[in-house]
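Data block below; observations after.
The values are calculated or read from the model by the stated rules, or taken from the named source; none is laboratory data. None of these values were measured; they are calculated from a predicted model. For the accessible areas, the whole protein counts, side chains as well, though only heavy atoms, and no ligand, DNA or RNA atoms are used. Shrake-Rupley method; radii C 1.70, N 1.55, O 1.52, S 1.80 Å.
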Amino acid sequence: NDVTLDNPTILSSLYGPLYITGGITGSGQSISIERQGTGNVYFDGPSQQISDLTLGGQGTLRVGGPNSPSSVTLTVNSDAGLSANLFLLSYSGKTAALINNGTLSAPGSGVYLQIQTNSFTNNNIASATSGGTVNISAANWTNAATGEITASSQGRIVLGRSEERRVGKECRSRW
């Protein structure tokens, strides 16, 4: 059930879910996810890898799915990346881990990459440039000695819960 792609691809009009159960491998190209309706891309299996391609566009990537075991790991290999308006979320009831050995980026104004898995390990590059935002709100996250988390040219990195949400919740609890 591995997915191998040889040409540039657009995964568009996802009105329903797309399940990837054995990882996804490209041949150096970029894949654009253009989410429509309630479409989500699920990495639905115990251990998934993204190799030799960049996933971008706009959509939701779920680490885990209804057929996954209780613990799921998605690895972005050193020859791969995630770029653009993407949300990486844990599937409900699953313990999901994201390991980045490649490049995660939010490369432009209004571009938002959110990592909201149970755990996140950055072994390479996570960057926000030119007004983009990378939000790492995983329950547990680590930036390894080889990892770089950077912001440049008005890029923004948000680590953990945003201060606005924390303060707002504290204020509501006092009322």
2 or more residues open to solvent by less than 50 Å² (accessible area, probe 1.4 Å) and modelled with pLDDT under 85: qualifying strands (runs of 3 or more DSSP E) within the stretch 10-127: 30-35, 54-63
Residues of the stretch 128-142 satisfying the condition of being open to solvent by 50 Å² or more (accessible area, probe 1.4 Å) and assigned to a strand (DSSP E or B): N140, W141, T142
Within the stretch 143-175, considering residues that are open to solvent by less than 100 Å² (accessible area, probe 1.4 Å) and on the phi > 0 side of the Ramachandran plot, the one modelled with the lowest pLDDT: G160
